[in-house]
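*Asks:* Handing you this structure, nothing more for now.
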């Protein structure tokens, strides 16, 4: 069932009992009541709590019912019921009795000795409402004495489970680093942690539709490992996130150390888990990839590798001057810095052979010969992009087959990598991540370049679907882009998250020595700088109307650096209107581009007002990196406006409001202090929100969990 997010929230909860400690249970219910009242103060909500009695002694069930009846008066926030199972059917199966009947938006699984903080459910609801692709929220867990419990865990190995369950204290100290890594102590528990593989079962805040989609808990686990199992399955379709603002206290006991029966249950559950996920093979025993004849590669699946290797598939890569080349180059370097082996595959029109492999800054780059794409006429460009998957596979096949990877990261635009990614994903048995920066063909329909329902539109929609289908996770570039998918119900089919654009910030800031001002004759000018594609989606007429309005101020000058389909027409327009305050400069490489940008004053952004899909232009990252204030004229509903205004990093108006655009430009023209303040804030915003380290960590959080 697809529940819409409204103020009428339905929360169900299940609490499985087996001969409980009534003092602890009473404290658990009082804490839930307090947190439930906080929810009802802020939301119109229905809260239902079902206690499942797994006791195999009827007298215990009668005692629980009488005890609960005596406390009904102070449980006013929740509708409470007691369900008696047919005996001790196990923790997961007991919860399943409630999950199967739940008709809620969110479902909570809670232990009878766990106490939620008063604001915990409010914090959980806020986060889940803001992140609709999250299937399970993991809380910060503390002991009764305030000691933190490290319960965000990675997928277990046999050795780690032996250390935790059976090893002496002396042995555990000797292998502390392995245990610390298992408990993710290398991550900051005061910050969000994405991709938790093994969540703790003491408190689990599910989105109910995802919980039902995976079928609840696997009933084969009597106790132990049911949380590891459901976490692994849930990560296939949704995000699992640790949220430090959601706090709980757990009266945790290591029962495994004190009971032979519990040790037996641990071993039994571990064997079920290992058989199910085929982890009984030790990593070190997996075969290395060997060089087989191509006919053999066609017939045999790729063996799993101990080396972590990432494949990036892109249209443009360094030294290309395209902003996406810089974006993916920075990401490749960050993956390499983190210790991964990185391969890049890209088309190239300049090489002589069918394919060439080079090593650049420690990164292996496979270039496959294709025709020129960027500057080709539109029909030829479209034909060449359509053939990208088949060409890269045909000419790069041997290399792809000899270098199996653990993760495929691919970039859109283009929409034509889906076929290649799907093929490699099957062979490598790995996950894939689509970095989606362009929702095509929708934007072409918005611009009037393509008619909805036409043959071309249907063809492109088919290719778009194949591109999405090949992705394990799709990273869209803004919340508004995510809403585009949600409004169409596509969140039920695709696993989505917001992945903001990024840039490497260390060592890139230039001094701005004035060399390009002198060379271009722009001393004494306040230069509005535009760098990047000069095409239809940017509505360059918008900038030219502004330039025409500012001709009365001799200080104002507009410098456009780049290429694109609109450039010939705009050169003619400058001549016709005698716009002496506009200059063009051809595209330059990244180093020269940043040197030029550092010399000038304001970064310009223009987006066509008719666009329905939202865009964070890549050029904005360069502006922020060089601490330039941003002047943006954008389409309605674009999240970029909120970002720039909230962080005081730029001035924004809606495309079409020419008077407002002019007024903002004149403010920047007159006030150097304003330009400096906005520029400093833009740089800070880049470091806080758009760093390549942040983007790489987010993508890598899915490497293990999504496999």
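*Asks:* Look at residue 423 and say whether it is without any contact (Cβ under 8 Å) to a residue 12 or more places away in the chain and either not assigned by TED's automatic domain parsing to the domain that holds residue 320 or not in a strand (DSSP E or B) (or both).
*Replies:* So residue 423 does not fit the description; no.
*Asks:* Now for a different question. Restricting to region 457-505, what's the tally of residues that are free of Cβ contacts under 8 Å to residues at least 60 places away in the same chain and either part of a helix (DSSP H, G or I) or assigned by TED's automatic domain parsing to the domain that holds residue 621 (or both)?
*Replies:* Result for region 457-505: 16.
*Asks:* Mind checking whether some residue in region 617-629 is more than 19 Å from residue 677 (Cβ to Cβ), crowded, with 22+ Cβ neighbours inside 10 Å and out of contact with any strand residue (DSSP E or B) (no Cβ under 6 Å at 6 or more places or on another chain)?
*Replies:* Looking through region 617-629, at least one residue is more than 19 Å from residue 677 (Cβ to Cβ), crowded, with 22+ Cβ neighbours inside 10 Å and out of contact with any strand residue (DSSP E or B) (no Cβ under 6 Å at 6 or more places or on another chain).
*Asks:* While we're here: Might you let me know whether region 558-568 holds any residue that is within 18 Å of residue 675 (Cα to Cα) and not assigned by TED's automatic domain parsing to the domain that holds residue 445?
*Replies:* Start the filter on region 558-568 by keeping residues that are within 18 Å of residue 675 (Cα to Cα), which leaves 558-559.
Of the ones still in play, those that are also not assigned by TED's automatic domain parsing to the domain that holds residue 445 are 558-559.
Yes.
*Asks:* Now for a different question. Among the numbered criteria (1) surrounded by fewer than 22 Cβ atoms within 10 Å (Cβ to Cβ); (2) under 26 Å from the mean Cα position of the chain (by Cα); (3) in a loop (DSSP other than H, G, I, E, B), which one does residue 415 miss?
*Replies:* The failed condition is (1).
*Asks:* Collect the residues in region 528-546 that are in contact with a strand residue (DSSP E or B) (Cβ under 6 Å, 6 or more places away or on another chain) and either assigned to a helix (DSSP H, G or I) or not assigned by TED's automatic domain parsing to the domain that holds residue 616 (or both), keeping them in residue-number order.
*Replies:* Correct list: 538, 542, 543.
*Asks:* Using the structure shown, decide if residue 151 is closer than 19 Å to residue 273 by Cα, crowded, with 23+ Cβ neighbours inside 10 Å and in contact with a strand residue (DSSP E or B) (Cβ under 6 Å, 6 or more places away or on another chain).
*Replies:* In short, yes.
*Asks:* Something else: Scan region 344-362 residue by residue and report those that are surrounded by fewer than 21 Cβ atoms within 10 Å (Cβ to Cβ) and assigned to a strand (DSSP E or B).
*Replies:* 348, 355, 356, 357, 358, 359, 360 - these are the residues of region 344-362 that are surrounded by fewer than 21 Cβ atoms within 10 Å (Cβ to Cβ) and assigned to a strand (DSSP E or B).
*Asks:* Could you identify the single residue in 37, 41, 30 that is farther than 21 Å from residue 91 by Cβ, under 36 Å from the mean Cα position of the chain (by Cα) and in contact (Cβ under 8 Å) with a residue 40 or more places away in the chain?
*Replies:* Working: 41 fails: in contact (Cβ under 8 Å) with a residue 40 or more places away in the chain; 30 fails: under 36 Å from the mean Cα position of the chain (by Cα).
None of the others qualify; the one that does is 37.
*Asks:* Separate question: Just to check your reading of the model, which residue among 96, 54 is assigned by TED's automatic domain parsing to the domain that holds residue 22, surrounded by 15 or more Cβ atoms within 10 Å (Cβ to Cβ) and in contact (Cβ under 8 Å) with a residue 60 or more places away in the chain? So that I can check it myself, show each step before the final result.
*Replies:* Values: 54 fails: in contact (Cβ under 8 Å) with a residue 60 or more places away in the chain.
Sole residue among the options that is assigned by TED's automatic domain parsing to the domain that holds residue 22, surrounded by 15 or more Cβ atoms within 10 Å (Cβ to Cβ) and in contact (Cβ under 8 Å) with a residue 60 or more places away in the chain: 96.
*Asks:* What is the residue count in region 119-149 for residues that are in a loop (DSSP other than H, G, I, E, B), farther than 9 Å from residue 247 by Cα and in contact with a helix residue (DSSP H, G or I) (Cβ under 8 Å, 6 or more places away or on another chain)?
*Replies:* Residues that pass the stated criteria total 2.
*Asks:* Against the definition (buried (at least 22 other Cβ atoms within 10 Å of the Cβ) and within 20 Å of residue 235 (Cα to Cα)), how does residue 424 come out, yes or no?
*Replies:* Taking the combined requirement at face value, the residue does not satisfy it.
*Asks:* Now for a separate question. How about region 233-340: which helices (runs of 4 or more DSSP H) wholly inside it have at least 1 residues that are modelled with pLDDT of 50 or more, touching a strand residue (DSSP E or B) at 6+ places or on another chain (Cβ under 8 Å) and buried (at least 20 other Cβ atoms within 10 Å of the Cβ)? Write out each step before concluding.
*Replies:* Details: elements: 260-277, 294-299, 323-337.
Here the list reads 323-337.
*Asks:* Let me ask something additional. Report the residue count in region 208-227 for those that are touching a strand residue (DSSP E or B) at 6+ places or on another chain (Cβ under 7 Å) and surrounded by 24 or more Cβ atoms within 10 Å (Cβ to Cβ).
*Replies:* Result for region 208-227: 1.
The values are calculated or read from the model by the stated rules, or taken from the named source; none is laboratory data. Please read all numbers here as calculations on a predicted model, not as lab measurements. Reconstructed Cβ throughout: ideal geometry from the backbone, glycine too, with neighbour counts over all protein chains shown.
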